[in-house]
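Trainee: Take a look at the following structure, please.
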Amino acid sequence: MTAGDWRGLVEGIPSLLGGLGINLQILLGLIALGFFAGIVVALIQVYAPRPLAAVAIGYEWFFRGVPEMVLLMLVYFGLRQFHVPISPFIAAVIALGLRSSAYQSQIFRGAIQAVGSNQMMAALSVGMTRFQAIRHVILPQALRLSIPPWSNEFSSVLKDTTLTSAIGVIEVFKRARFIMGRNYALALPTFMVVALFFLALTYLGNWGLGALERRYRIPGLEAKGAGERF
Amino acid sequence: MELVFKWEWLPQLGRGLVLTVELTAACISMGAVLGLLLAIARLYARGPIYWLASAYVHFFRGTPLLVQLFMVHFGLAGWGISFTPLVSGIIAMGLNTAAYQAEYFRGAIQAVKRGQTMAALSLGMTWWQTIRYVILPQALRLVLPAWSNELVYMLKYTSIVYLIGLPDLMGVGRTIASTNFRFFEVYAVVALIYLALVLIITFGLRLVEARIKVPGLGAVRQ
Amino acid sequence: MSLLVVEDLHKRYGKEEVLRGVSFTLEPGETKVIIGPSGTGKSTLLRCINRLTEPDRGRIWLNGEEITSPRVNIYRIRAQIGFVFQDFNLFTHLTALDNVRLGLIRVKRMPKREATERALRELARVGLADKANAYPAQLSGGQQQRVSIARALAMDPKLILFDEPTSALDPELIGEVLEVMIELAKGGMTMLVVTHEMGFARSVADEIIFMEKGVIVEQGPPEAIFTRPKVPRTAEFLRKITEFYGEQG
C-alpha cells in the first residue's frame, strides 16, 4: 500500500468517529427501551396472574428466538410497506430495543427470583402494599444482582448496533464500507480501526459497570458469577 | 391492510434454510474444536501461548461479528487473499464462536473440583488421561446449557451472511420480499421459521442434557 | 528391607516451612498412624510420598527404588501407592463400579471383563456390592469413603496412604469406615494413616508418629506414646484431643 492509500484512511477517521456517535445514540435508545420494557416484562412474568404471565413469556421467547437482522427488516420495511413513515434510526431503536427487553427481562426475572419470596413476605408484614414492596424492597436488591449479567447484555447490544447499517443507518460500519468502496486495499485496516473502537468501548463500558457495581455493593448481597452470552 | 402470501415462496425459503443449518453446523463445530484448545491454552499454558490465546479471546469477544466477517471476506481479499462467501462465512463465524466457547469451556473446566484431579493422579493416571477421562466428561456436562445458548446465538447470527452474498434463509427472504414488495409477510414467515428452529434445537439439547445427566453433577440452568 | 523409607523431607509454601526434615520408615504389613495438631504438615507429608506435591528436599524409596529421582516414571509409582482422601474425591460422573474400574482399565490396561470382576470383588470387600451402579451423590459419606478405599485396593497397592479418612464424616458414619480399615490392617496391608481417631490409633497402629510444626516430635508403639510419652508436648496434645473427641475418639 502506498502512503496515498493510508491517507484515505486517516482522512476517513473523523467520519468514522461521527458514525460511532450514531451507534452510541442507538445504543442509548435501545438500552433505555430494553431496560424499562424488560423490567415490566419481568414483573409480569413473576407477579402477574397466569394468562398474562404466559403472554410475557411468549413475548420473551419470540424476541429471543428471532435474529436481530430479521427483526430490523420486519420493523423497518414491514412498517414502511404499510406507509408508516418511520426512519431507519427509530426502526433500529425499536427493533433492537424490543429484542434487548426480552434478554433484559430474563436477567431481571432471574434476579427477582434470587431475591426470594421471604423478602416480599417481610415487606408485606410491615404493612407495605405489593407495589411498595416491589418498588422499595425487591427491585433495589434485584437491580444490584442484575449488574454482572447486564454488562454482558450491554457489550452484546453495543456490537449489534452495527447491524443497523443493513436498514440504512449511516453509522460507523456503513461509513467503513464507504471507505472500502473507494479503495479495497483499505478495507482491512479500516475494519481493524472500527474493531478497535468497539474493543475500547466494550472495555470502557465494562469498567463503568464494574465501578457501578462496586459503588452500590452491599455486603451479603452478591451476584453469583455469570459469564454467558445472552 | 391486506396480507399476501404465496406458497411458492416456501420451497425457496427451504433451500435457504438448508444453507443456514449447514453454516451453523460448520461454524459451531469449528468453534468447538478451536474453543476447547483455546480454553486449555488459557488454563494450562504459560508465556506466549497463554497471551496469544487470551488476546484472541478478548479481540473476538470485544468486536462486532459483522466487522469480523467483512475483515475476512473483503479485508483479506483487498490484500490478495480471497475466499468464496461460504468459506469466509464459516471462517469468520467459526473464529468468533470459538472465542465464546473457549470461555464456557474454561469456566466448566475450572468448575471441576481440584480433588478430582488429585484422585486421578493418585491412581497413576497421566495428565492427558486425567483430562480425557475425568475432567472433560464432567466439564462437558457442565457446559451444555451455556453451549446450547451459544448454538442458538450462532444460528441467529448466521443471518448476517447475506451481506456477503450468501443465499441463506435471511438472504432468500430478502430477495423474495424485495421482488414482491411484501416485506412484512415474508419477514414474518422467516422469523417464524427461525423461531421454530430455535425451539427444536433448545428442546433437542435439553433431551441430550437429561440423557447424560448424572446425579450430583447438576448443570445450573437459568 | 523397609517397604518405604522417607529421609529428611522438606517442603515450604512461600514463607511457611511445612515440613522441616521428616524421616521415618515403614515395614511391609505395618500400620503407622501419624497424629498431631492441624496444620503441622501431615497431609503435605502424605502428598509428598506419592508426589502429588513435590518435596523441596529429601529422598523417598519404595521397595528400594528411589521415587524422588527425576528419572523415575512417577505414574507407575503412583499406581502402586493407594491414596484415600479426606473428602473421598470419588469421580462425580462415574458410578461406584466405574470409579473402581477406571484405574484398572486405563492405568493397568486390564480387559474390561476382568476389571469389572475385580472391581465388584473390591466393592463386596467393603460391603457395597449392592451399590455398584449408584453415583457418588447417591451414597452417604461413609459409603463414598468405602468406595474410595475399594478404588485404592483394586490397584493392588504396595501401600495405602490415608489422609484423615473420617474427618469429613458425620459421627454415626465413622464406624463403618474404621471397620474396613481395621480389616485391612489385620489382613496385612501396609498402611500410613493420618487421623484424629485415637481409639483407632491405639488399637490398630503398630507404631504412632507424633508430628508438630513440620517435624516428628516422638514416635513409638501406641502403649508407650499413650501411657508414658517422653516429650511433654505429646502428653499435652493427647490430653487436648481426648477432651475434644472423647476417649473412643
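Matching residues to (1) open to solvent by 10 Å² or more (accessible area, probe 1.4 Å); (2) of a type in the set (S, T, N, Q):
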| residue | (1), (2) |
| --- | --- |
| B:THR117 | yes, yes |
| B:SER122 | no, yes |
| B:ALA139 | no, no |
| B:ILE160 | no, no |
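Trainee: Those residues that are more than 10 Å from chain B (Cβ to nearest Cβ) and among the aliphatic types (A, V, I, L, M), I need them from segment A:158-192; list them, please.
Mentor: Answer for segment A:158-192, where residues must be more than 10 Å from chain B (Cβ to nearest Cβ) and among the aliphatic types (A, V, I, L, M): A:ILE167, A:VAL169, A:ILE170, A:ILE179.
Trainee: Here is a further query. Residue check: is A:VAL169 modelled with pLDDT of 95 or more, open to solvent by less than 20 Å² (accessible area, probe 1.4 Å), within 23 Å of the chain's Cα centre (by Cα) and not aromatic (Phe, Trp, Tyr)? Step through it out loud before you land on a result.
Mentor: Values: modelled with pLDDT of 95 or more: yes; open to solvent by less than 20 Å² (accessible area, probe 1.4 Å): yes; within 23 Å of the chain's Cα centre (by Cα): yes; not aromatic (Phe, Trp, Tyr): yes.
Answer is yes for this residue.
Trainee: What is the number of the single condition among (1) within 25 Å of B:PRO137 (Cα to Cα); (2) open to solvent by 30 Å² or more (accessible area, probe 1.4 Å) that C:GLY82 does not meet?
Mentor: In the conditions (1) within 25 Å of B:PRO137 (Cα to Cα); (2) open to solvent by 30 Å² or more (accessible area, probe 1.4 Å), C:GLY82 misses (2) alone.
Trainee: Can you spot a residue in segment A:86-93 that is part of a helix (DSSP H, G or I), facing chain B (nearest Cβ under 10 Å) and either touching a Pro at 6+ places or on another chain (Cβ under 8 Å) or without any contact (Cβ under 8 Å) to a residue 40 or more places away in the chain (or both)? Full working, then the answer.
Mentor: Initial filter on segment A:86-93 (part of a helix (DSSP H, G or I)): A:88-93.
Okay, now just the ones that are also facing chain B (nearest Cβ under 10 Å), so none.
Within segment A:86-93, not a single residue is part of a helix (DSSP H, G or I), facing chain B (nearest Cβ under 10 Å) and either touching a Pro at 6+ places or on another chain (Cβ under 8 Å) or without any contact (Cβ under 8 Å) to a residue 40 or more places away in the chain (or both).
Trainee: For segment A:34-51, does any single residue satisfy the condition of being open to solvent by 50 Å² or more (accessible area, probe 1.4 Å), within 26 Å of A:PHE131 (Cα to Cα) and outside any helix (DSSP H, G or I)?
Mentor: yes
Trainee: Quick check on A:SER87: is it of a type in the set (Ser, Thr, Tyr), open to solvent by 10 Å² or more (accessible area, probe 1.4 Å) and closer than 16 Å to A:GLN25 by Cβ?
Mentor: Numbers: of a type in the set (Ser, Thr, Tyr): yes; open to solvent by 10 Å² or more (accessible area, probe 1.4 Å): yes; closer than 16 Å to A:GLN25 by Cβ: yes.
Yes: the conditions hold for A:SER87.
Trainee: Suppose the filter is part of a helix (DSSP H, G or I), in contact with a Phe, Trp or Tyr (Cβ under 8 Å, 6 or more places away or on another chain) and away from every other protein chain (no Cβ under 14 Å); does A:ILE31 pass it?
Mentor: Working: part of a helix (DSSP H, G or I): yes; in contact with a Phe, Trp or Tyr (Cβ under 8 Å, 6 or more places away or on another chain): yes; away from every other protein chain (no Cβ under 14 Å): yes.
When the stated conditions are applied, A:ILE31 passes them.
Trainee: Continuing with the same structure: Could you tell me which of the residues B:VAL189, B:VAL152, B:VAL172 is at pLDDT 95 or above and within 19 Å of the chain's Cα centre (by Cα)? Before the answer, list the steps.
Mentor: Values: B:VAL189 fails: within 19 Å of the chain's Cα centre (by Cα); B:VAL172 fails: within 19 Å of the chain's Cα centre (by Cα).
One residue alone meets the criteria, B:VAL152.
Trainee: Any idea which of A:SER155, A:SER146 is small (Gly, Ala, Ser), buried (at least 19 other Cβ atoms within 10 Å of the Cβ), assigned to a helix (DSSP H, G or I) and more than 9 Å from chain B (Cβ to nearest Cβ)? Write out each step before concluding.
Mentor: Values: A:SER155 fails: more than 9 Å from chain B (Cβ to nearest Cβ).
None of the others qualify; the one that does is A:SER146.
Trainee: Of everything in segment C:159-168 that's modelled with pLDDT of 95 or more and among the hydrophobic types (A, V, I, L, M, F, W, C), which residue is nearest to C:LEU52 (Cα to Cα)?
Mentor: C:LEU161
Trainee: For segment C:1-107, list the helices (runs of 4 or more DSSP H) that sit wholly inside it and hold at least 1 residues that are small (Gly, Ala, Ser) and more than 27 Å from C:PHE200 (Cα to Cα); which are they?
Mentor: On the way: elements: C:42-49, C:74-80, C:96-106.
Helices (runs of 4 or more DSSP H) meeting the threshold: C:96-106.
Trainee: For segment B:41-60, how many residues meet the condition of being within 22 Å of B:LEU136 (Cα to Cα) and open to solvent by 50 Å² or more (accessible area, probe 1.4 Å)? Steps first, please.
Mentor: At the first step, the residues of segment B:41-60 found to be within 22 Å of B:LEU136 (Cα to Cα) are B:41-46, B:49-50, B:53-54, B:57.
The next check asks that each one be open to solvent by 50 Å² or more (accessible area, probe 1.4 Å); those that pass are B:44, B:46, B:49-50.
Adding up the residues that qualify gives 4.
Trainee: Right, another one. From the list B:ARG61, B:ARG46, B:ARG114, which one is of a type in the set (Lys, Arg) and modelled with pLDDT of 95 or more? Give the steps one after another, and end with the answer.
Mentor: Details: B:ARG46 fails: modelled with pLDDT of 95 or more; B:ARG114 fails: modelled with pLDDT of 95 or more.
Being of a type in the set (Lys, Arg) and modelled with pLDDT of 95 or more holds for just one of B:ARG61, B:ARG46, B:ARG114, which is B:ARG61.
Okay, residues lined up against (1) at pLDDT below 95; (2) within 20 Å of the chain's Cα centre (by Cα); (3) within 8 Å of another protein chain (Cβ to nearest Cβ):
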residue: C:GLY64; (1), (2), (3): yes, no, no
residue: C:VAL84; (1), (2), (3): no, yes, no
residue: C:ARG113; (1), (2), (3): no, no, no
residue: C:THR116; (1), (2), (3): no, no, no
residue: C:ASP130; (1), (2), (3): no, no, no
residue: C:ALA134; (1), (2), (3): no, no, no
residue: C:GLN144; (1), (2), (3): no, yes, no
residue: C:VAL147; (1), (2), (3): no, yes, no
residue: C:PRO157; (1), (2), (3): no, yes, no
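Trainee: Just need a number here: residues in segment C:89-132 that are over 14 Å from B:LEU123 (Cβ atoms) and open to solvent by 60 Å² or more (accessible area, probe 1.4 Å).
Mentor: Of the residues in that region, 10 qualify.
Trainee: Looking only at segment B:162-209, which residues are within 22 Å of B:GLN101 (Cβ to Cβ) and either open to solvent by less than 50 Å² (accessible area, probe 1.4 Å) or in a loop (DSSP other than H, G, I, E, B) (or both)?
Mentor: Residues satisfying the conditions are B:ASP168, B:TYR194, B:LEU197, B:VAL198, B:ILE201, B:THR202, B:GLY204, B:LEU205, B:GLU209.
Trainee: Let me ask something else about it. Among the helices (runs of 4 or more DSSP H) contained in segment C:133-222, which hold 2 or more residues that are open to solvent by 40 Å² or more (accessible area, probe 1.4 Å)? Please lay out each step first, then the result.
Mentor: On the way: elements: C:141-154, C:171-186, C:198-204.
Here the list reads C:171-186, C:198-204.
Trainee: So, of the residues in segment A:52-67 that are within 14 Å of chain B (Cβ to nearest Cβ) and β-branched (Val, Ile, Thr), which turns out to be nearest to A:ALA37 (Cα to Cα)?
Mentor: A:ILE57
Yes/no matrix, rows are residues, columns are (1) farther than 30 Å from C:ILE77 by Cβ; (2) more than 7 Å from every other protein chain (Cβ to nearest Cβ); (3) free of Cβ contacts under 8 Å to residues at least 24 places away in the same chain; (4) not hydrophobic (A, V, I, L, M, F, W, C):
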{"residue": "B:GLY62", "(1), (2), (3), (4)": "yes, no, yes, yes"}
{"residue": "B:PHE74", "(1), (2), (3), (4)": "yes, no, no, no"}
{"residue": "B:VAL112", "(1), (2), (3), (4)": "no, yes, no, no"}
{"residue": "B:THR130", "(1), (2), (3), (4)": "no, yes, yes, yes"}
{"residue": "B:TYR133", "(1), (2), (3), (4)": "no, no, yes, yes"}
{"residue": "B:VAL143", "(1), (2), (3), (4)": "yes, yes, no, no"}
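Trainee: Check A:ILE13 against each of (1) loosely packed, with under 15 Cβ neighbours inside 10 Å; (2) assigned to a helix (DSSP H, G or I); (3) without any contact (Cβ under 8 Å) to a residue 60 or more places away in the chain and name the one condition it does not meet.
Mentor: Exception for A:ILE13: condition (3).
Trainee: Does A:ALA176 satisfy the condition of being farther than 26 Å from B:TYR153 by Cα, open to solvent by less than 10 Å² (accessible area, probe 1.4 Å) and part of a helix (DSSP H, G or I)?
Mentor: Values: farther than 26 Å from B:TYR153 by Cα: no; open to solvent by less than 10 Å² (accessible area, probe 1.4 Å): yes; part of a helix (DSSP H, G or I): yes.
Criteria not met by A:ALA176.
Trainee: Next up: State yes or no: is A:GLY127 away from chain B (no Cβ under 13 Å) and on the phi > 0 side of the Ramachandran plot?
Mentor: Taking the combined requirement at face value, the residue satisfies it.
Trainee: Taking segment B:166-217, which residues are of a type in the set (Phe, Trp, Tyr) and either more than 13 Å from B:GLY16 (Cα to Cα) or out of contact with any helix residue (DSSP H, G or I) (no Cβ under 8 Å at 6 or more places or on another chain) (or both)? Let's see the steps before the verdict.
Mentor: To start, the set of residues in segment B:166-217 that are of a type in the set (Phe, Trp, Tyr) comprises B:181, B:183-184, B:187, B:194, B:203.
Within segment B:166-217, B:PHE181, B:PHE183, B:PHE184, B:TYR187, B:PHE203 qualify.
The values are calculated or read from the model by the stated rules, or taken from the named source; none is laboratory data. Here the structure is a predicted model, which means the values were calculated and not measured. Backbone-built Cβ (ideal geometry, glycine too); neighbour counts: all protein chains shown. Quick note on the areas: whole protein, heavy atoms, side chains included, nothing else; ligands and nucleic acids left out. Shrake-Rupley method; radii C 1.70, N 1.55, O 1.52, S 1.80 Å.
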